[in-house]
Each structure stands twice: as C-alpha cells, then as structure tokens.
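Structure, as structure tokens:
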Amino acid sequence: MLLSLSWLREFTPYRGSIDELSHRLTMVGLEGEEIVRPFAHLSPMVVGRVVEKKQHPGADKLSLCSVDAGTGENLSIVCGAPNVQAGQNVAVALEGTELPGGQVIKKTSIRGETSQGMICSEAELELGQDSSGIMVLDGAFSPGTGLRRALDLEEFVLDIGVTPNRPDCLSVMGLAREVAALFDLPLYKPVLDLHEDNSRHCPDEVQIEIDDPSGCPLYQARIISGCAIKPSPDWMRYRLMAVGVRPINNIVDITNYIMLEQGQPLHAFDRDLLEGDRIRVDRSRPGFKFPTLDEQERELNDQDLLIWDSEKPVALAGVMGGANTEINEHSTRVLLECAVFNPLSIRQTARRLGLHSESSFRFERGVDQANAPFALDRAAQLMSELGQGRGYQGVSRAEPRPCKPVQVYFRRERANSLLALDVDQEYCRRVLTSLGCEVQEEGGAMQVTVPIYRPDITREVDLIEEIGRVYGLDKIPEHLPKVQKSMHHEDADSEYRFLGAVKQWARGLGLQEAINYSFVGMADLDYLGVPLEGRVKVFNPLSEEQDVMRTHLLPGLLNTLKHNLGQGNTRLKLFEAARSFEQDSSSETGVRENNRLALLLYGRRHRGHWPHPEDDADFYDLKGLVENLLGAFGGLEGRFVLHREHPCLEPAVECICREKTLGVLGRGAPDKARAYKARKDIWYCDLDLDLLHSLGSRSRPQFQPLPRFPVVKRDMTIVTPMELAYHQLRDVVENAGVDILEDISLVDVYLPPERQEKKLTLRLTYRHPERTLKDSEVDREQQKLADLLLKKLPVGFP
Amino acid sequence: MSAVQEVNTSLKSLIQEFKHVLDQASSLQDLEEARGAFLGRKGRLARIMSRLPELDPADRPEAGKTANEVKTELGRIRESRKKELEKQAASDGDQSFDPSLPGRTPDVGSVHPVTRVIQDISNIFTGLGFEIVTGPEVETDFYNFEALNLPPGHPARDMQDTLYITETLVLRTHTSPLQIRTMEKRRPPLAAIAPGKVYRRDSDLTHTPMFHQIEGFLVDTHVSMADLRGTLTAFAQQIFDSEVKVRFRPSFFPFTEPSAEVDISCVMCQGRGRNQDGTTCRVCKETGWVEVLGCGMIDPEVFLQVGYDPDKYTGFAFGLGVERVAMLKYGINDLRMFFENDIKFLNQFA
Ligand SMILES: [Zn+2]
C-alpha cells in the first residue's frame, strides 16, 4: 500500500517526518518497506519564463525563445510547440538534465541557432497524454522554482507492507486512523456536501435484486447524470500518479480515488448501456463466456459471481467490469456501484482467472460494510464536482446480510500474563478506544465492541495482540525459559542425529557435501532410464526441469558434476544425504520418503600433486568408502554382487547387507555420462540410509578378550583363471574348518601381460587361543587348505 | 711402582684416553670401533683385567673395585657420546630430506554451509533443552495449512506460493507442520526444533524453490512473550555475535497471536547502515536491521486442533530461514550459490 503523506494529512495533522512515520508504523506491524520518490525524475526540472519569442530564421515551425530559468542569464531555447508565447511560465529541462524517456538535454545547434535547454510538454514529462504543445504553468511562480514544487507533486510516498489480517489499512483513511491513534492526533473525516437532483429518484430508476445473499451482503447504486467525461483535474491526476495509479478519465479516476482513500472499491457503469431498470447479483452459469473490459473473454463457472442488468451480465463482481457497459467518452449517465462481496468467492474467481486487481485484492481481504454508504456518497459528490453531473436523489440498495459488530470479553490479567507486562485497566481502555473499540467495564474485565473495519479481532487474544502491538513488543522484558529436559527415547537415535553422523563421517573421509533440489525433470529420470512407475509429479511446477520429485539422487549429483566441470573443477569427491520420493499407498501421505546417501567420485584419487601418484579413482575407492561406512555404522559387512541389468551404471554392483539390498554402486554408463561433459569414469553409489540406520542400530558391541598368544603368518600364491572371483577363493578357505585360521587377507593380485590367468597371493594368519603354535602344525593346516583349493576350484600353485 | 699401582694407573688412564678417542670419533661407526678397542672382549680394559690374578691377593679386591668403577665410567662416556653423535646424524644426516615438501595430506571434506548452520543452531537449542524432530516433506494440506489456522481460501495462503502434488498434498511450504505433528503425539511440556527442506513456487535472485527452515516451539503452562524474547535474543547472540541487537516488530502469521518478525542489527555494517568506506550497506539497505525470523505466541486455534486446552497452556513458536542465516553469518551474497555446489564454494566451509 502506497501512502501519500499529503493525502494522509488531509485526515490527521501528522507533522513529523516520513522516516519517523515509517519507523513508528513498522513497530506496530505496518512495515515501512520503502520510501519512494515518485517524481524523482522531475526534480532537476525548473519553472522558466518565456521573456521573448521570435520566429526561428531557418525554420517556419520553430520558435526561438529567450527564457529566464533563474540561472542568471537568459537562455536561448529553440521550441517547436505551437502554443509557446512570451510571458508564459513553462517547464524547462536545463542542459545536462535527463528526461523521463532517457534523453539527455545538451546544448545543441538547431538549424543554425543555439538551444540551451528544452521547453517540455506534459507527455515529455510523463505527467499526462498531451503532446500537442508545451505545458503552460501558473504565472505566480518565479523563474528557477523547482517544477515539482510548482506543481505541488508529492515528494515522498511510503510503501507499507500490509499483512493480510489488516484490510482496514488498505486505505488512506484507515492508515490515518492508525496514525492518529499512535501519535495521539485528531482524525478528520471528509465533510459530505452532496447536492441531489430531487426531480429524479434513484430507487425508482433502478432496483437491486440479490439472488446470492452470501455472495453479496450489500449492494448500493447511485445514478449521476449529465456528466462530461474528460481528464481529471491535475491535483487528482498527480495524486493518483504518485501512488502508482494511471489516470484514465474523471469518472474512472474518482472510483480509484475513493477506493484508495476509503478502501471501498467502486465500479462505474454507463447507465445508458445498461438495459432495463434492474441490477441483479447472481452466479454465472458454467461455461459462460464473458468479455471483461480488458478486452479478454473469460470463461466462467457456476461459482463466479456476476452483476446483471435486465438482460445480460455486465460485470464480474468485485473483480472487473464488462466491456459492454464501460464508461466511454460519450457517457453522460453513470451508474455507480458500491457493494460488498464475499471474500472467498472473489478470491476463487480472481485466482482461477489470474485476474488480480486492486479491487479484488480489497474484497478478498474484507471491506468495511459499515463505511460503504459514506464511500458511495463521497464518490457521488466528487462526480458532481469534477464531472459536472448531478446525482439522482437517494440510493438503490439491498442489504440481505447487515453487518453486526463483534463483542469480545477481555481480561487484563490474561494480557499481562501472555505479554509479561504489567499494564493497568486504564491503559488497556485507552489503547482499545484509540483503535476504535467501545469499551464497557464489567467487574475486573471489559466487554469490548470491535469496529466492523477490524475483522481480524474476534477473540480475547486478538485484543491482547493490540495491547502488545501498541505498547511495543520490543519493550517487553526478556527471560530465558527453563525447559523441562526431555529424555525422550527417540531423540538419541533420531533421524536427524543419524544423518548428522553420516555427514560427519563423509566429511572426515574427505568428501564434500552437495545439496540439490528435491525435484528434477521427468526428462532427467527418463534419460537415466529409471522406472516410470512410482514417480511423484509436481502438479504446478515452475518449469519442466523441476516437474517431478526425484526417485534417485543421481540426476542432481550429475548436474553438480556438470556444473563443476564447466567451472574447471576436474576432481570431485561428493556426497549428498537427502530423501528420494516414491508413490506408496501404504504411507500416510501416499508418498514414501526414503533417506539416501549418494557418493560420487570423479577424476584423480589423490590431489594431483607430489607425493601422490596421479592415477584416477576407481571402483575400489568407492567400494572402500562403502565398506568403511558399513563398518562405522554398526560393524556391518556387505556382500558385493555384480548386478546384471542396471539402467545407468556399468558395471553395477549390488551391496547386500544382512540379506537386504542396501544399494548399488558402479560406474556411470559412458554413453549417458557424456551428456554431463564427463571425460573420465564417474564412480557413483546410492545407498538406503534408513535401512542402514535400522540394521546398524540393532547391533551393540560385545567385548571379546584380547588374544594372548602370538600369530603365525603364511602367504599362499594361487594361479587362477581370469574369471574366477576372489570371493570364491575366500569362501573355500573360510569354510575349510581350520579353527586356528584367524584372518585371510589379499596381499597381491598379479595380472600377467598375456592375461590368461592371474596370480593371487593370500596372507593367512593363524593363532591358537591357548598356546603358541608350532611351525609343523601351521604347515599341516596350510597344506590342507592348498589341497582343498585344488580339489574345489580350477586353480593351481606356481 | 708396585704391580697394583701400575694396574690402577693404567685403569685410570683409560678414562682420559677413551675420552680422547671418542672426541675424535665422527660417526656411530667410529664409536663402535672405539668401544671394541676399549670395552670389547679383547679390548684394553679386558687386557688389564686379565692381569688381576697376578696381583697380591690382598690387593685384588681394591683393584677389582677400581676396574669396575672404570668400566662403568667408560660405559657412561660412551653413552653420552653416542647420544651426541645420533643427534648430529639426525640433524645433518640425509641431505635430500626437505621438511618443507608437502605431506601426504588426506583430503579435507566439508559439510554444506546449510548443514553447518543447521548443526550450529541445533546445538544452541539442544543446549537450551530442546529436542530435534523431523517430518515429511510431502505434506498434507491439513498439516501444512488447515491445522495451522489457514483454512482453504484464507488470504494468508497467498503469503506462500505453494507447489502442489495433488489437491490435498503439497510440498511443505514451511516446517510449521512439525508443530502439529509433534504436539499430536505428545503432551506438554515440550520444546523442540524441526530443521528441514521446504518448498515454494518462487524463483528469482532472492528466492529458490527449495530452501531450508528451522521451526522451534515450546509449550508449557505460563509461557509468555518474555520467554520468546529471551530465547531468541540468546539464540541470535550465540549464532551471530554477543554484540548483536535484536528487534521485535509486530507482524502476522495465522498460527501465532501475537506475531512478530525479528530483526537483528546488520552484521555487515554493525547496524550503522553504512560500510566502513562510507558506501551504503546493501545487506540492510541502509536500515541497519535485517530480518531473520518470524515468531509469535502459538494461536489458541492451533492448540484446539491438537486437543490442548488453550486456557491452560501457552507457548511460542518461531521459524527461520537457514540460507538467510548462512548468508548473514558467512557473508554469502548470492543465494543461487547454495544449490550450484561449486566445490570452490563448498571448500570454504570445511
Ligand atoms: Zn548493513
């Protein structure tokens, strides 16, 4: 809401600065968002007096003027306007001034004559439409006076953020009421002086019928005849412009002016385009098409409220008038509507049609039904004054739902206890009265009658807020509460803590956390070939790139990779811990949210500097991280099994933990990786953190006594076919029933150049819990294992 | 000179000689040779000792005692010289050793600044006794709006542009549903914070369609606005710095009454509105204040929704934007950075 200071002062004698006003309003909940200078572009313009006008010697249509602009010496200015005359006061843009259109005035030569500035038209100053000639100003101002001052243009306008609960502050009058209360100033209401034409009686001319009383609690109309449609006087145009409203003509401007001043939206119809003598308020029929005055055809449904004449709809109630009855240059009789519509109904229509107007905005929030008669009369009065019209006597009116003020019981102790204050009864009475409430004492409490214009106050707590707001929330004492410490069992093992621990784990291993949007594009998921079913689509996405909730974290991390490669970051070790989303009818919301951990490795294993080797990260780096994770969160071990068909990883390896699939790890399929500008292998894994959490939380460490006797280590080199997997060797050795075998580890893998067979060296660790082993018994067991391997697998020994 | 005197003299002279030889020794190897010559099985001490049986039996004990003392002394001298030589070897040993070459440093990882701020804030509030709760990001209209006193058609729904999944399912527009979900499950007294992702249908220089919020709430008997102010002032001073000033402005949220916005004195210009160099501060737009969170006393309607008696219980709630706090705390000037995940950005929060 843009508040003009001079307008405000018509209703309350506030003499302070705009900064102080802004601050005070901010501190009562009406945030001063910005101090706007609406005519800042005119501040360099000055009043000049045309001292002499001569014919330009080189051009018939140009005049050569000598202008006193208060600069000391008269300026020579070439002017092309037909209406320029000696003795006029005119608007001058001096050398160096920038016109609103962006043109900078320079000293120039026009057909051989010097021009040291420009005499401006209304259009050039963006103060009106008239470009036929220069603007002629009041002769009273001395040359050199600032144009803004000469035209009495508002210097500052305060942009106030009005919260949805305060429709009363969407008008100058409402803000004046607030300012008067805050600064303890009187409040003046405009004086009505309406001269009606007693020969014509409005209620006889037009009858109001309301077929949807809940949609329209009040409808009033007046007829003003004999109007002349023309531009509004300057003061009104300038005032409207100052608050960002484009002047149209005197009649339309008055409806806007009263809406801004009184908060009551109005609509003016051309009475002669309305058929019959009846105005009817009723809902539309479904599928009905109605052309609004912005020349667009609107398709309506049976919830939309329309204004009808005897034959046809003429306005979309409270939202926009119809093109068929719009005020035009030939209009003389105006039917002025001043109604109250149901906020919900207006909101639904405005939202569905995407038609948000100043009028619908106010109706959605609620207008002051008690003030509607006054607003109508004041508008009618202005129309007679500025439009030379005459109002018919009386008002056509229907009020199926009269408004009743709300009464609220108020206890001061309750206010003091909630606000931690100690205000007395008198203070509360004074504050509430200043805000327009009527207060009646009832024992220790108060019965408060709330004005109609404050629909936000319906309960005691709303009145308490008013006390706090005016007292100043900032002056309330501070106290640190004692929180009864919860030992709730969920807390120690909560989702938040687990995720936090995983993030710290990843950070500790040198990974960097990325956070990507939870939504991706359908095309992203399609590209990666992940299943279509189960996707959770966004109904009203901002763009196609964000139209589905991610079922996998991969698209986000791939985009992170792409962005980084574009920035020249060629080595990445990333992780993201976030939710994936899938349809799941068994879940409360119909969507299963699953915490996942994604890891992505790209480029060199180590930072590419001495003393590290320069090789790239590979599968075993990734697998090592996963194994570390399993160990760190519950001492788990995983089985890693080649996954035959995965849409976007090649190879893809499934990680199985306690017979459950924890996730998959592998290399981004090279054909897909290219789209993300990757030239090297992308190593990626995606794990189910909720599953890991549940598996890990069940295991509690159990102490084992430390071994007391020494180990014996023996290596065994085995020659195997290329396709034989390490875990096959391991399985045979582990299941051989050698009790004293404590550990098997892989020491070396040798792949000879011809690649027909490979050599694996195992290191076997033996220990007896109760005595020192003899070499001979270790030799025996080692031989037993070798024999078993030969028997069970196609292997040999070198 | 008697035999015993001779033996004693040669024994004592060994000490001086050994010292001399060791002074000449320039390496541990020299030292080892000297040890052999003096203290070895066929060394000089051993040779003198081999003469002891030749002495008069009456003189033997004294000579033996002297021999042992000398042996101990020689050992001591050797040890002390050995230490010297070792020290020397370490300091000027291998010429190629360059301690200034880089070490094999493991990578330094990082958590995202958003995570970092959430952890900082969580630590402050858990320190005050709050617990941490989480909830769904795809939320029902009921929890996201209705139960928070935002019935369908309420104009305050316009304050948040909503991303819908279906007519009754939304991407939560705030973390406030956690107030309802937590209160439904529990009885007062309770104090909790709820960090998480939230979504709005809004994308420009100062808005991203996804961002993070932390909701906090406390419900008990006799909770007042002073408790809210005390808690948030303590919080602001811990998360920013102890000098920061806090300002409460009345505002409007459907689920709190009274409601307030909380501003802190601008951390960039220390509330002066101008930078050190006299230019205007762009962070606070010259006002000296920046908005950090919204809060208020929990509206009685909300208590009715969860079956608490609003005459018995009062409480406060607040919600803050994590990215906003991160921007102020770390001086980040571009919101979009958060979700581009450029590692040069992420690295700064290691
Ligand atoms: Zn600042």
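Structural remarks
- Some residue of region B:115-125 being more than 7 Å from chain A (Cβ to nearest Cβ) and either on the phi > 0 side of the Ramachandran plot or aromatic (Phe, Trp, Tyr) (or both): yes
- Residue count for region B:197-226, restricted to those that are of a type outside the set (A, V, I, L, M), surrounded by 23 or more Cβ atoms within 10 Å (Cβ to Cβ) and in contact with a Gly (Cβ under 9 Å, 6 or more places away or on another chain): 5.
- Any hit, region A:463-474, residues being part of a helix (DSSP H, G or I), under 15 Å from B:ARG229 (Cβ atoms), of a type outside the set (Asp, Glu) and open to solvent by 60 Å² or more (accessible area, probe 1.4 Å): yes
- From the options A:CYS227, A:CYS169, A:CYS216, residue that is out of contact with any Phe, Trp or Tyr (no Cβ under 9 Å at 6 or more places or on another chain), in the same structural domain as A:GLY318 (by TED's automatic domain parsing) and surrounded by 15 or more Cβ atoms within 10 Å (Cβ to Cβ): A:CYS227
- Some residue of region A:583-593 being over 16 Å from A:ASP690 (Cβ atoms), more than 9 Å from chain B (Cβ to nearest Cβ) and open to solvent by 40 Å² or more (accessible area, probe 1.4 Å): yes
- Counted as qualifying within region A:1-66 are the strands (runs of 3 or more DSSP E) with 2 or more residues that are closer than 30 Å to A:SER115 by Cβ, namely A:46-55.
- Residue count for region B:72-106, restricted to those that are exposed (fewer than 13 other Cβ atoms within 10 Å of the Cβ) and basic (Lys, Arg): 4
- Meets criteria (in a strand (DSSP E or B), within 12 Å of B:ALA317 (Cβ to Cβ) and acidic (Asp, Glu)) for B:GLU257: yes
- Number of residues in region B:262-319 that are surrounded by fewer than 23 Cβ atoms within 10 Å (Cβ to Cβ), away from the ligand (no atom under 11 Å from the Cβ), within 13 Å of another protein chain (Cβ to nearest Cβ) and part of a loop (DSSP other than H, G, I, E, B): the value is 4.
- Residues that are modelled with pLDDT of 85 or more and open to solvent by 100 Å² or more (accessible area, probe 1.4 Å) were ranked within region B:61-71; the one that is nearest to B:LEU28 (Cα to Cα) is B:LYS71.
- Scanning region A:220-278 for residues that are outside any helix (DSSP H, G or I), among the charged types (D, E, K, R) and farther than 21 Å from A:PHE361 by Cβ returns A:ARG222, A:LYS230, A:ASP270, A:GLU275, A:ASP277, A:ARG278.
- Among the conditions (1) in contact (Cβ under 8 Å) with a residue 60 or more places away in the chain; (2) open to solvent by 80 Å² or more (accessible area, probe 1.4 Å), A:LEU695 misses just one, which is (2).
- Odd one out for B:THR256, checked against (1) without any contact (Cβ under 8 Å) to a residue 24 or more places away in the chain; (2) facing chain A (nearest Cβ under 10 Å); (3) more than 12 Å from the ligand (Cβ to nearest atom): (1)
Here is a yes/no grid of residues against (1) at the interface with chain B (Cβ under 7 Å from one of its Cβ atoms); (2) assigned to a loop (DSSP other than H, G, I, E, B):
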residue	(1), (2)
A:LEU499	no, no
A:TRP505	no, no
A:GLY510	yes, yes
A:ILE515	yes, yes
A:LEU525	no, no
A:GLY529	no, yes
A:GLU533	no, yes
A:ASN540	yes, yes
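- Some residue of region B:225-236 being more than 33 Å from the chain's Cα centre (by Cα), facing chain A (nearest Cβ under 8 Å), free of Cβ contacts under 8 Å to residues at least 24 places away in the same chain and not in a loop (DSSP other than H, G, I, E, B): no
The values are calculated or read from the model by the stated rules, or taken from the named source; none is laboratory data. Every value quoted in this text rests on a predicted model; they were computed, and no experiment measured them. No Cβ is skipped: glycine too gets one built from the backbone with ideal geometry, and neighbour counts run over all protein chains shown. These area figures cover heavy atoms from the full protein model, side chains too; ligands, DNA and RNA do not enter into them. Shrake-Rupley method; radii C 1.70, N 1.55, O 1.52, S 1.80 Å.
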